[in-house]
Structures are given as C-alpha cells and as structure tokens.
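For reference, the structure is listed below as structure tokens.
Only the coordinates and a few stated rules stand behind these numbers; no lab work does. These numbers were taken from a predicted model, which means no experiment stands behind them. Heads up, the Cβs are rebuilt from the backbone with ideal geometry, glycines too, and the neighbour counts pull from every protein chain shown.
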Number of protein chains: 2
Amino acid sequence: MKISELSDRSGLTVQTIKFYLREGLLPKGTSTAATRAEYDERHLKRLRLIRALREVADLPIAAITGIVTALDDDKIGLHDLLGTAQYALGPHVEPRADDADWRAARQDVDALIAELGWRVTPLAPARDLLAQTFVALRQLGFPIVLTGLRPYIEAAGAISAHETDQLTADAPRERALQGMIVTTVLYEQVLIALHRLAQEDASARRFGDES
Amino acid sequence: MKISELSDRSGLTVQTIKFYLREGLLPKGTSTAATRAEYDERHLKRLRLIRALREVADLPIAAITGIVTALDDDKIGLHDLLGTAQYALGPHVEPRADDADWRAARQDVDALIAELGWRVTPLAPARDLLAQTFVALRQLGFPIVLTGLRPYIEAAGAISAHETDQLTADAPRERALQGMIVTTVLYEQVLIALHRLAQEDASARRFGDES
DNA sequence: ATCGTTGGATAGCGATAATATCCAGCCCGA
DNA sequence: TCGGGCTGGATATTATCGCTATCCAACGAT
C-alpha cells in the first residue's frame with residue numbers, strides 16, 4: 001500500500017501522514033527503494049486510532065505518542081495500559097503544594113477515595129483533577145457536599161463496572177489492548193455527550209418554554 | 001480596588017487581567033482619572049469564574065466570552081443559558097454531511113434521542129459529539145450496540161435529574177445563573193474525574209497485581 | 001520632587017499541529 | 001526508452017492561542 005492509498009483510506013492528507021511518521025506516531029513502512037515504501041493494514045488501523053484520539057478525544061500528539069508506544073510494548077498489561085491512557089488524558093496540572101486551599105481539597109479527595117475503598121494510585125492525575133475542581137467550586141461559592149456527590153459516585157461506579165465486564169469478555173491480546181483504550185478514551189466522550197443531552201432534556205422539562 | 005489588588009486576590013497576573021479586559025472577558029473598571037480605574041467585588045467574582053472555566057474546564061477564551069456575555073444578558077433564562085454553556089463546551093465539529101458513515105451515525109443518534117423521548121434541539125452540539133464518537137468506534141471495530149449504551153444512558157439521566165433538582169432549589173436569579181454554569185461545566189469535570197477513578201479501581205480489582 | 005504604580009497600546013513569544021515547498025529517485029504507460 | 005506524476009525525506013513556513021513584555025505618559029502617595 002502506498003502512502004497515497006493510506007491517505008485515501010484514512011481520510012488524512014499525505015502531508016499529515018508524513019508528519020505523523022516524523023513524530024514517531026506511525027511506524028515507518030518497509031522501504032523497497034530509495035523513494036518507495038510499503039504500508040499495510042496495521043498502518044491503516046493505527047492511523048484510524050490516531051485520528052479518533054485526535055479528533056474525538058482531542059488529545060495532543062504527545063499524549064497519543066505515549067498511548068501508541070504503550071500499545072506496541074508487548075510486555076504491558078491491561079491495567080498498566082489504563083494508567084498510561086489516563087495519564088495521557090490529563091490534566092497536566094502540577095499540584096500546587098503551596099496553596100492551602102488546594103492541599104485541603106486534595107486531602108478531601110484522598111479521604112473520599114479511601115472511604116470508598118477504591119484502589120487508586122496516589123499518583124493518578126484524576127485525583128488532581130477532582131481536587132482542582134473542588135477548589136474552583138468552593139471559590140465560586142458552591143462548596144461540594146458529600147451527599148451531593150453520591151449520584152456521581154454511583155454513576156461512575158456502575159459505568160466502570162460495566163466497562164470492565166466488557167473488557168474481560170474479549171480475548172485476543174491485541175484487541176483487548178485496543179479495547180482498553182477505546183473504553184477509556186472514547187466511551188468517556190459517549191458519557192459526556194449523553195450527559196449533556198440528558199441535561200438539556202431535564203432542563204427543557206423544568207425550565208423550557210412549551211413547544 | 002486597584003488592578004494590583006485584583007491580581008493578588010484572584011491569583012492572576014496584572015498582565016493577564018489586562019489581557020482579559022482587552023478581550024472583553026472582564027468589564028472595565030470605572031475610570032477615576034486618565035491612569036486610574038476602580039474595580040469591585042463583581043470584577044473579582046468574574047475573574048474567579050473565568051479562571052475556573054479556563055483552568056478546570058480548559059475552555060478557550062472565545063467560549064468563556066460567550067458564557068459571560070450570556071450571564072450579563074438580563075433577558076436570558078436558565079434554559080437558554082444552558083444552551084449557551086453547552087455550545088461553548090463544544091465540540092466545534094462541523095457535521096460532514098458528505099460522509100455517509102457520519103450521516104448514518106447522526107441518524108442513529110437522532111433515533112436514539114427520539115426513542116428516549118428526550119427533548120433536545122436538533123442543533124445541540126452534543127448530538128454531533130455523540131455521532132462523531134459512534135463513527136470512530138465503528139471504524140475501530142467496536143460498533144456501538146444499544147444495550148451496551150444502557151448503563152451510560154441511565155447514569156446520564158440520573159445525574160441530570162439530580163442536577164436539575166439542585167438548581168431549582170436555589171432562588172436568586174444571579175446565583176441561579178451562576179449555578180447553571182457551575183453545574184454544567186464544573187460538575188462535568190467531577191463526573192469525568194470520578195469515572196476515571198472508578199475505572200482504575202475496577203481495573204485494579206480485575207487485572208491488577210496484588211498489592 | 002520623586003518614585004513606584006496605573007491604564008492603555010503595541011509588539012513579541014512559545015507551544016502546537018499542521019502545511020508547503022523542494023528535491024532527487026523511481027514506476028508505469030505510451 | 002522516455003517523461004509525467006508520484007514518492008520518501010528534509011526543511012521551511014503558517015496559523016492559532018494564550019498569554020508576556022515593553023513602553024509611555026499620567027498619576028498620587030511620601
């Protein structure tokens with residue numbers, strides 16, 4: 001398969017594919033001559049994954065590089081791959097240890113996770129994301145209360161359990177790995193989209209004009 | 001309040017505040033002389049909101065401008081404000097009407113919403129977000145099935161209902177409006193963070209090494 | 001009077017993600 | 001076999017975003 005065919009089938013321009021090759025996002029094809037290289041279905045699949053991560057999840061190139069590098073590492077297990085994907089998703093907020101509000105929020109988060117008995121590494125970026133959000137909510141005069149968090153916690157738990165079930169059902173290693181990425185990154189978008197739609201529905205019922 | 005005090009209390013540099021003033025994100029203070037202007041608590045509150053939207057939700061300046069403009073419009077109602085916020089959240093994906101896959105996915109989305117009986121405008125960007133995700137999932141060999149969507153739909157519905165309940169409890173208009181933004185934008189981050197944490201827990205239990 | 005601060009304007013920067021251009025080398029059809 | 005168009009590879013350029021930096025004249029507190 002030539003690069004132009006790769007371009008046609010992936011929907012990306014030749015220039016962009018060359019750029020991804022340069023960045024190490026896409027492995028090189030096998031050179032057959034000085035100005036000729038051959039690509040295969042694996043390259044096409046990889047491009048489709050890259051495109052989904054860029055356009056749907058809006059991940060930066062560097063984050064995608066991290067993910068595909070992990071995917072290509074045949075020593076990595078499912079759980080570690082999840083960590084890689086979540087780290088790539090960010091946020092890349094360095095914890096502001098000097099800020100008292102921030103430290104307090106972070107402790108709230110840690111306490112919550114401990115209370116729930118969730119097994120989460122202390123390094124998980126989602127801890128910081130949650131802490132940062134708590135700080136912002138409090139600053140804006142909408143402090144979080146644990147009971148108000150309940151529905152979110154339950155929803156998150158139910159969905160994650162479902163997702164993990166889906167993953168174990170699959171068998172072949174390569175597909176399981178891809179499935180992990182897809183579940184983590186793309187189904188998060190599904191959840192967000194459905195949440196927004198449900199929100200609009202709920203709002204329309206309560207506040208909307210009749211129509 | 002001088003600009004330097006605004007800077008100290010908001011945690012943003014004077015330069016950044018000037019930049020926000022230029023961009024129309026923050027209303028000007030009242031000029032007291034050629035090189036003097038006075039700011040008040042409202043400016044500070046506005047800056048905190050801007051900061052939360054930038055740093056927690058990672059919204060672009062233009063989107064924040066749209067939100068604060070709507071907030072300042074005293075003719076706008078809660079439901080319309082939700083629309084503004086959701087539009088600001090993106091995605092800013094123009095529907096590719098020429099792409100057959102895309103059209104099919106979009107129809108699936110529309111059919112799903114209709115079947116659920118959700119009241120959502122046909123223009124809602126979340127429809128496109130969901131359609132785009134469906135396309136990507138199918139291209140990657142993970143086609144969506146309606147039954148697999150159930151947990152997400154239920155979670156989204158439960159959370160949205162809860163959020164809408166919270167909003168009606170509040171009374172004063174200005175706070176209700178702020179509450180709508182906070183609910184829509186920041187609690188989405190809470191949901192995302194909790195989902196990731198729950199996912200790690202579920203994964204640790206099923207795939208993780210003992211520890 | 002002086003010295004730091006302010007508002008206001010303009011210019012510059014660093015990161016990101018492409019695009020564009022150029023250049024031989026090569027393949028394929030006429 | 002020859003020539004136009006594609007190719008890989010390298011280098012240069014662009015566009016957008018979100019700030020930063022610099023300058024300047026006008027203040028105002030000491």
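Which three extents, in angstrom, do the Cα atoms of chain B have along their principal axes, listed largest first?
Here the spans come out as 65, 50, 37 Å, largest first.
D for segment B:30-145, whole µm²/s, Stokes-Einstein with Kirkwood Rh over alpha-carbon pairs at 37 °C and 0.692 mPa s: what number? Provide the component values of the computation, followed by the final result.
Numbers: Rh = 17.1 Å.
Roughly 192 µm²/s, to the nearest whole number.
What lysines could a cross-link reach from A:Lys18, if we take a straight Cα to Cα line under 21 Å and drop same-chain neighbours fewer than 8 places away?
A:Lys2, A:Lys28, A:Lys45
Measure nothing but the geometry: give the 0 to 90° angle between the long axis through the Cα atoms of A:78-89 and the longest principal axis through the Cα atoms of chain A, rounded to 10°.
The two axes meet at around 80 degrees.
For segment A:143-211, compute the orientation-averaged projected area of the C-alpha convex hull (one quarter of its surface), in nm².
Working: hull surface 27.3 nm².
Its average projected convex-hull area is 6.8 nm².
Shortest first and in nm with one decimal, please list how far the A:Asp98 label point sits from its counterparts in the other copies (point 7 Å along Cα→Cβ).
5.2
Report the longest stretch of chain B that contains none of the GluC sites (Glu not before Pro) sitting in a DSSP loop with at most 16 other Cβ atoms within 10 Å. Don't skip to the answer; put the middle values down first.
On the way: sites that count: B:Glu23, B:Glu210.
The answer is B:24-209.
Ignoring the sites themselves, what is the longest stretch of chain A with no trypsin sites (Lys or Arg not before Pro) in a DSSP loop and at most 13 other beta-carbon atoms within 10 Å? The partial results should precede the final answer.
Working: sites that count: A:Lys2, A:Lys28, A:Lys75.
Longest run free of exposed loop sites: A:76-211.
Hey, rough spin-label estimate for A:Arg119 and B:Arg96, points 7 angstrom out along Cα→Cβ, what's it come to in nanometres?
In this crude label model, A:Arg119 to B:Arg96 measures out at 4.1 nm.
Fewest first, what order do B:His195, A:His162 take by the number of other Cβ atoms within 10 Å?
Details: B:His195 25, A:His162 18.
Lowest count first: A:His162, B:His195.
Can you tell me the equivalent ellipsoid semi-axes for the protein assembly as shown? Use √(5λ) from the Cα gyration tensor, largest first, whole Å.
Working: eigenvalues 279, 126, 116 Å².
Semi-axes from the Cα gyration tensor: 37, 25, 24 Å.
Please quote Rg/Rh for segment A:20-70 to two decimal places, taking the Kirkwood radius as Rh and restricting both calculations to Cα atoms. Intermediate results must be reported in sequence, preceding the final value.
Details: Rg = 12.0 Å, Rh = 11.6 Å.
Taking Rg over the Kirkwood Rh, I get 1.03.
What are the label-to-label distances in nm, one decimal and shortest first, from A:Gly24 to the same spot in the other copies, with labels 7 Å along Cα to Cβ?
Going from nearest to farthest copy, the values are 4.4 nm.
So for segment B:140-182, what percent of the C-alpha to C-alpha distances run longer than 18 Å? If you can, show how the numbers build up before the last one.
Values: 441 of 903 pairs.
The proportion of pairs with Cα distances above 18 Å equals 49 percent.
Can you name the residue in chain A whose Cβ lies closest to the A-to-B rotation axis, and give that gap in whole Å?
A:Ala155, 2
What is the angle, in °, between the Cα long axis of helix B:146-169 and the longest principal axis of the Cα atoms in chain B? Nearest 10 is fine, range 0 to 90.
With both axes taken from Cα atoms, the answer is about 30 degrees.
Need the C-alpha centroid separation for segment A:90-131 versus segment B:84-118, integer Å.
34
Note the angle between two axes, namely the Cα long axis of helix B:125-139 and the longest principal axis of the Cα atoms of chain B, as a number of degrees from 0 to 90, rounded to the nearest 10.
Value to nearest ten degrees: 40.
Taking a label point 7 Å from Cα toward Cβ, how far is B:Met1 from its twins in the other copies, in nm, shortest first?
So the label point of B:Met1 gives 5.7 nm to the other copies.
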